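Here is the structure we will look at.
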Amino acid sequence: MVSVGVIGCGHWGPNHIRIFNQLSNSEAVMCADLDEGRLKSIKNLYPAIRITGNYQDILNDPAIDAVCIASPTNTHYQLTQEALNAGKHVLCEKPLTMTAEECLQLEKLAKEKKKLLMVGHVFVFNRGIVRLKEYIESGELGRIQYAHSERTNLGPFRYDVNALWDLAPHDISIFNYLFDNMPANVSARGQKILSETLEDLTFASLEYPDKTLVNVHVSWLDPKKVRQITIVGDKKMVVWDDLDNMGPIRLYDKYVERTRRFYESYGDFQLLSREGSITIPNIEFHEPLKEQAKYFLEHVEKNQHPERADVRKAYAVVKTLSAIQQSMNQKGAPVELESA
């Protein structure tokens, strides 16, 4: 039984508490937040949990094995550092830090303390995203020609980070997972519409080392909630829609055929589109956040490295985010990235 303390009871914290209390090999024994109302709500739901306004109470409790950090982004580095120094395993929400260098510092500290440090890139535990990776690795899609993602809604608005740092970590972690790499270069534009300090939307282009081009669109200012990824291969194409109740994936047997046939009439081309069937594979639903928690607990119990969502994965995401932000600040100028 792994005893877990949760720091932050805002948007995601209560979900972590729920899941750690549902799993048979863990228990959320204490939670911390500065908002007394939030703490009272948690106490009403889980009478046995201890509540506190001081996160140090969690770190100072020797009976707590692991800490889940679901606090504002700008607190992640300090809280993770303190938790590791207190001898706790850590699961920290995305992004792990605000700079790539801080990720490496935390990686070094975790190794020194011999504690597990994992980042909450929850979509790499999504069964639909896992199926996309299987399609790519099996060659069913053929050579990937390009991909794009859209993650939009009207709100919820944040005041600690912009829409890029709030939403894009999901899509960047997904594409890094799918392509088993980080981008080689990025370029991006953003816009500050609702405030003078934080961008509400971002359009980013990411080029991966094999020349695969990816477009990422994130926005707090959109009439429709969209969570969608399209991947175009030279054999098949696939769309993942996280909000589709019929099934998250549509596999399209569509491609472009190059032909050597000779055409006499003007306007004919040597590229012909081929239309095939559309397949909706059966993908059993498992809550990704619960899958992530299971993975974390399993690796804590076995003292194994959490490769699927380790600090190097967090580093790649934060480094990419920083490069995109730099490009936005420079009005779309390309920024090169070097892998760690």
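The values are calculated or read from the model by the stated rules, or taken from the named source; none is laboratory data. The structure presented is a predicted model; accordingly, all values stated were derived computationally and were not measured. Every residue, glycine among them, receives a Cβ derived from its backbone with ideal geometry; neighbour counts consider all protein chains shown.
Residue count for region 1-29 under the criterion of being of a type outside the set (Gly, Ala, Ser), part of a strand (DSSP E or B), more than 30 Å from Phe157 (Cβ to Cβ) and touching a helix residue (DSSP H, G or I) at 6+ places or on another chain (Cβ under 7 Å): the result is 2.
Condition check: crowded, with 23+ Cβ neighbours inside 10 Å and over 16 Å from the mean Cα position of the chain (by Cα). Does Leu106 satisfy that? Yes; evaluated as a whole, the condition is true for this residue.
Okay, residues lined up against (1) within 17 Å of the chain's Cα centre (by Cα); (2) polar (S, T, N, Q); (3) in the same structural domain as Pro95 (by TED's automatic domain parsing):
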| residue | (1), (2), (3) |
| --- | --- |
| Asn185 | no, yes, no |
| Gly190 | no, no, no |
| Glu196 | no, no, no |
| Glu199 | no, no, no |
| Asp210 | no, no, no |
| Thr230 | yes, yes, no |
| Gly233 | no, no, no |
| Trp240 | yes, no, no |
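Might you check whether a residue that is free of Cβ contacts under 8 Å to residues at least 24 places away in the same chain and of a type in the set (Val, Ile, Thr) occurs anywhere in region 118-132?
Initial filter on region 118-132 (free of Cβ contacts under 8 Å to residues at least 24 places away in the same chain): 130.
Imposing the further condition that a residue be of a type in the set (Val, Ile, Thr) reduces the set to 130.
There is at least one residue in region 118-132 that is free of Cβ contacts under 8 Å to residues at least 24 places away in the same chain and of a type in the set (Val, Ile, Thr).
When Thr73 is tested against (1) over 27 Å from Thr202 (Cα atoms); (2) assigned by TED's automatic domain parsing to the domain that holds His16; (3) within 19 Å of the chain's Cα centre (by Cα), only condition (1) is not met. Only strands (runs of 3 or more DSSP E) whose full extent lies in region 244-315 are considered here, and the ones with at least 1 residues that are surrounded by 15 or more Cβ atoms within 10 Å (Cβ to Cβ) and at pLDDT below 95 are 255-258.
Scanning region 216-223 turns up no residue that is among the β-branched types (Val, Ile, Thr) and free of Cβ contacts under 8 Å to residues at least 40 places away in the same chain. If a residue must be closer than 23 Å to Tyr252 by Cα and buried (at least 19 other Cβ atoms within 10 Å of the Cβ), how many such residues does region 137-162 contain? Selection size over region 137-162: 5.
Is it true that Leu132 is crowded, with 16+ Cβ neighbours inside 10 Å, of a type in the set (A, V, I, L, M, F, W, C), assigned to a helix (DSSP H, G or I) and assigned by TED's automatic domain parsing to the domain that holds Asp241? Steps first, please.
Numbers: crowded, with 16+ Cβ neighbours inside 10 Å: yes; of a type in the set (A, V, I, L, M, F, W, C): yes; assigned to a helix (DSSP H, G or I): yes; assigned by TED's automatic domain parsing to the domain that holds Asp241: yes.
When the stated conditions are applied, Leu132 passes them.
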